[in-house]
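Some notes on the structure that comes next.
All of the numbers you see were taken from the coordinates with simple rules; none came from a lab. It should be emphasised that the depicted structure is a prediction, and the values quoted were computed from it without experimental measurement. Because the Cβ atoms are built from the backbone with ideal geometry, glycine has one as well, and the counts that use them run over all protein chains shown.
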Amino acid sequence: MPHPAVSVQGLWKEYRIGGQRAVGETFYDVLSGAIRRPFRRRAADDGDVAIAQTGADTTDRFWALRDVSFDIAPGEVVGIIGRNGAGKSTLLKILSRITAPTKGRVEVRGRLASLLEVGTGFHPELSGRENIYLNGAILGMTRRDIARKFDEIVAFAEVEKFIDTPVKRYSSGMYVRLAFAVAAHLDADVLVVDEVLAVGDTAFQDKCLGKMGDLSAGGRTVLFVSHNHGALARLCQRGIVLSHGSHLFSGSITDALHAYARHVRSEGAAAGAVISGPLAGEVRFTRITVNRREAALTEAISPSSAIEIAVDSECAGSLEEFRITLCLRRLGETVLGMHDAEAPATHPGGRWQSRFRIPALTLAPGDYSVDAYAYSNRLGQWTRAEGIGEFSIAVEWFPNYEPTHAMGVFNLPVAGRRVALTGDV
């Protein structure tokens, strides 16, 4: 049996919030903390802060990872799945030796290249050409080996005109294209990629997914973090699900996505959403499906298909002049809004389902986040659940449809309707 390419055994990582130096803190953290410390003391002396730090006893201890263990075989493509704050990025930083674990052991066989955030490993004052050679040298490659890969890297990144320009002048998209091309083409045995690919355009994301598939076919190991479950299902053979820093599940990518969906549902449909507003205690969003599937399991949807989104809600009492609105966000911007009724009306309470339909060829390819709003005009009160669900539109071409066009905000005011629910859902 071959040795694992990546082995993680009993991994723990602790951070101390607002206190002294944490185990595994980087040199930059220590240096910046030393620079800030005199200003904190002066502010406390001047009465500008309510509480001054008095030592380690006043700190909050936060475990980002709790006893995580797994092995990854050479050539495997593994998706790391979990909500924001589950510990995914902390795990990848430890594997990349950016930070050290508090407890536990990590073994990586061979060279590891990582792409965790825009500009990882790049020096902003150096040109793209110089950064390619610098990254190759860090990986232990000779100048001749780097030169052999150079043209292929530049062509993949599509930055030929700017290769001798300092990367500090690159856009975020150019930064990511070059960073991924360097990480994927230099001779690394293990490639670690975080959600940073979302910065690029959809065509380049598709290109990156294809490249990672090629690396796996060539015997390379890939760890991939993404909230795009369609991409995970397409690329990965296995999935590891993290929740609140703990290892929740490990198995085939299909089983992992189902385990994640069950976990999301067990915590409530809005458990990962940001809930706000005075009606938050009265109106609850309990479930969301996209095309009759759990939002956490929805694969990339063809732009030629209509989209049906259903949101289950409940409320103990009646509300006057009440209506639910659904909004879709892409790249942080709201691009579509829909109501579940033509006009606000009295709602008797209980359990109900708001159903919304988006016509085919309406949405451009990309990842979409779903926000739900409930409000009563009569009371002047509302609640909002940001990030209650997510789905993706695939990159495909159809007549009279331009997948790269700029989208503004628009509304489908009569796209939804409301039905009462009885019994178990």
(request) Once you have the Cα-Cα distance between Val419 and Asn291, take 0.36 nm times their residue separation minus that, and quote the gain in nm to one decimal. (result) 44.4 nm
(message) Which of Lys207, Lys103, Lys161, Lys93 has the fewest other C-beta atoms within 10 Å, and how do the rest follow up to the most?
(response) Lys161, Lys103, Lys207, Lys93
(request) Excluding residues fewer than 8 places away in the same chain, name every one of the lysines whose C-alpha is closer than 21 Å to that of Lys207. (result) Lys149, Lys161
(message) Students often forget the sequence filter, so: which lysines lie under 22 Å Cα-Cα from Lys103 once same-chain residues fewer than 8 apart are removed?
(response) Lys13, Lys88, Lys93
(request) Would you mind ranking Asp367, Asp164 so that the residue whose beta carbon has the fewest other beta carbons within 10 Å leads the list? (result) Asp164, Asp367
(message) Just want the ordering: His185, His258, His3, from fewest to most Cβ atoms lying within 10 Å of their own Cβ.
(response) His3, His258, His185
(message) Between Ala137 and Asp60, how high is the FRET efficiency from 1/(1 + (r/R0)^6) when r is the Cβ-Cβ distance and R₀ = 51 Å? Nearest 0.05.
(response) 0.80
(request) Just subtract the alpha-carbon distance of Ala343 and Ser7 from 0.36 nm times their residue separation and send over the number in nm, one decimal. (result) 115.2 nm
(request) Report the extension gain between Ala280 and Ala316 in nm, rounded to one decimal, defined as 0.36 nm multiplied by the number of residues separating them, less their alpha carbon distance. (result) 11.8 nm
(request) Compute the label zone of Asn377 within region 309-343: residues whose backbone N is under 17 Å from the point 7 Å along Cα-to-Cβ. (result) 319-326, 338-343
